[in-house]
Amino acid sequence: MKRVCLVCLGNICRSPMAEVVLRRTLAERGLDVEVDSAGTGGWHAGEPMDERALAILADYGYDGSSHRARRFDSAWFAERDLVLAMDRDNLRALRAIAPPGADVRLFRSFDPAAPEDAEVPDPYYGGRQGFLDVLRMVEAASDGVAKYLEDH
Ligand code: 4NP
């Protein structure tokens, strides 16, 4: 079985939203892939998703209530086929600790409509619209990840 880990900074907004959306997208396509998420920072470890992220997910029919934040552990590279960063800072942080051969990319690089090096911007200090933008971005990228995993 393939395994994909989605990574942002705090693991309370972007990557757990992406985890919930990608898991459903893959299940709808009948793809047997394990999806999880983590943050490169550990400040929020053990906490549930940000309530604004939970609210947007709920408004669009997703349930993020079981999520608890975790910090990414470099040992996980060996147990994941793809590690996907939400932004370039987190991509850099991951590549700095990745073993040779680890497949670490930007999540939105799987969205054919996104510009090169496109990020999922941090919505933490903004309002509801930022979280809605994140949801739209992760839905589009999840579709691309699903297509990729169907072919690879
Ligand atoms: P995330 O958002 O990386 O999408 O989970 C953030 C959550 C918390 C912080 C930054 C970003 N923080 O600095 O506490």
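The values are calculated or read from the model by the stated rules, or taken from the named source; none is laboratory data. Keep in mind that what you see is a predicted model, and the values were worked out from it rather than measured. In this analysis, Cβ positions are derived from the backbone assuming ideal geometry, glycine residues included, and neighbour counts consider all displayed protein chains.
Below are the figures for this structure:
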{"read-out": "Residue 111, sole failed condition from (1) free of Cβ contacts under 8 Å to residues at least 60 places away in the same chain; (2) more than 24 Å from residue 32 (Cβ to Cβ)", "value": "(2)"}
{"read-out": "Meets criteria (modelled with pLDDT of 95 or more, under 13 Å from the mean Cα position of the chain (by Cα) and away from the ligand (no atom under 12 Å from the Cβ)) for residue 21", "value": "yes"}
{"read-out": "Test for residue 119: is it in a helix (DSSP H, G or I), of a type in the set (Asp, Glu), surrounded by 13 or more Cβ atoms within 10 Å (Cβ to Cβ) and on the phi < 0 side of the Ramachandran plot", "value": "no"}
{"read-out": "Which numbered condition residue 103 misses (of (1) away from the ligand (no atom under 14 Å from the Cβ); (2) closer than 24 Å to residue 63 by Cβ)", "value": "(2)"}
{"read-out": "Selected residue (only one of 28, 47 is over 15 Å from the mean Cα position of the chain (by Cα), surrounded by fewer than 23 Cβ atoms within 10 Å (Cβ to Cβ), modelled with pLDDT of 95 or more and within 12 Å of the ligand (Cβ to nearest atom))", "value": "47"}
